[in-house]
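Below is one structure, written out as structure tokens; comments come after it.
The values are calculated or read from the model by the stated rules, or taken from the named source; none is laboratory data. Just so we're clear, the structure is a prediction, and the values are computed from it rather than from any experiment. Cβ atoms come from the backbone with ideal geometry, glycine included; neighbour counts cover every protein chain shown. Remember, those area values only see protein heavy atoms, side chains included, never the ligands or the DNA or RNA. Shrake-Rupley method; radii C 1.70, N 1.55, O 1.52, S 1.80 Å.
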Amino acid sequence: MIEFNHKKTEKKKIMIVDDTPLLVRNIKNILGDRYTVFYATSGKQALHIISEKEPDLVLLDYKMPEMDGKQVFEEMRKDEIMKDIPVIFLTSVSDEKTILSILATKPAGYILKPANQADLLEKISTCLEEAEKAKKG
């Protein structure tokens, strides 16, 4: 007897953290069919939502008022719930010193804005696969 699993596979959750509404909307449009997408427009708001919704991956801008992306990332790594969530920096910051300082914190990736749609989707997919493998050990 053949059994069918009618349970629909749940979409992975992606959190966008950026203070530019147009960019958030554009990325939501790119990701919306494949993933459940939610967003925050500030670092403090992001930390609250991330701890509540526990996304599978975070796209994080570097330059934001009050709390920059690096500070958000560092806070995430200190928190038991958030510490293993992969983070891809999606930012226009391209100076070598800043990039090296961000890469030293070991994010899952670093993509310059404006992101190429195919590259963004590929990087997200790769990061999610790697996170799944790491969970399974």
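Since T9 meets every condition but one in (1) modelled with pLDDT of 90 or more; (2) open to solvent by 50 Å² or more (accessible area, probe 1.4 Å), which condition does it not meet?
(1)
Please find, within region 80-100, the residue that is modelled with the lowest pLDDT out of those that are in contact with a helix residue (DSSP H, G or I) (Cβ under 7 Å, 6 or more places away or on another chain) and surrounded by fewer than 16 Cβ atoms within 10 Å (Cβ to Cβ).
Top of the filtered list is I81.
Tell me whether region 79-98 contains one or more residues that are more than 21 Å from S125 (Cα to Cα), hydrophobic (A, V, I, L, M, F, W, C) and not in a helix (DSSP H, G or I).
Yes, region 79-98 contains a residue that is more than 21 Å from S125 (Cα to Cα), hydrophobic (A, V, I, L, M, F, W, C) and not in a helix (DSSP H, G or I).
Just checking, which of I14, I50 is modelled with pLDDT of 95 or more and either touching a Leu at 6+ places or on another chain (Cβ under 6 Å) or over 26 Å from T98 (Cα atoms) (or both)?
Residue meeting the stated conditions: I14.
Can you find a residue that is more than 23 Å from T126 (Cα to Cα), at pLDDT 90 or above and either open to solvent by 90 Å² or more (accessible area, probe 1.4 Å) or not small (G, A, S) (or both) anywhere in region 33-41?
Yes: one or more hits.
Taking region 50-66, which residues are buried (at least 16 other Cβ atoms within 10 Å of the Cβ) and either of a type in the set (A, V, I, L, M, F, W, C) or outside any loop (DSSP other than H, G, I, E, B) (or both)?
Within region 50-66, I50, L57, V58, L59, L60, M64 qualify.
Just to be sure before I move on: is V72 in contact with a Phe, Trp or Tyr (Cβ under 8 Å, 6 or more places away or on another chain) and either of a type in the set (D, E, K, R) or modelled with pLDDT of 95 or more (or both) in the structure I sent?
In short, no.
Output the residue which, of all residues in region 99-137 that are of a type in the set (K, R) and in a helix (DSSP H, G or I), is farthest from V24 (Cα to Cα).
Across region 99-137, the extreme among qualifying residues is K136.
Looking only at region 108-137, which residues are within 14 Å of D56 (Cβ to Cβ), exposed (fewer than 15 other Cβ atoms within 10 Å of the Cβ) and hydrophobic (A, V, I, L, M, F, W, C)?
Selection gives A134 alone.
Pairs only if they're at least six apart or on different chains, beta carbon under 7 angstrom, first in region 55-71 and farther than 15 Å from K113 by Cα, second in a strand (DSSP E or B) and open to solvent by 10 Å² or more (accessible area, probe 1.4 Å); list them, first residue then second.
Matching pairs, first to second residue: P55/K13; D56/K13.
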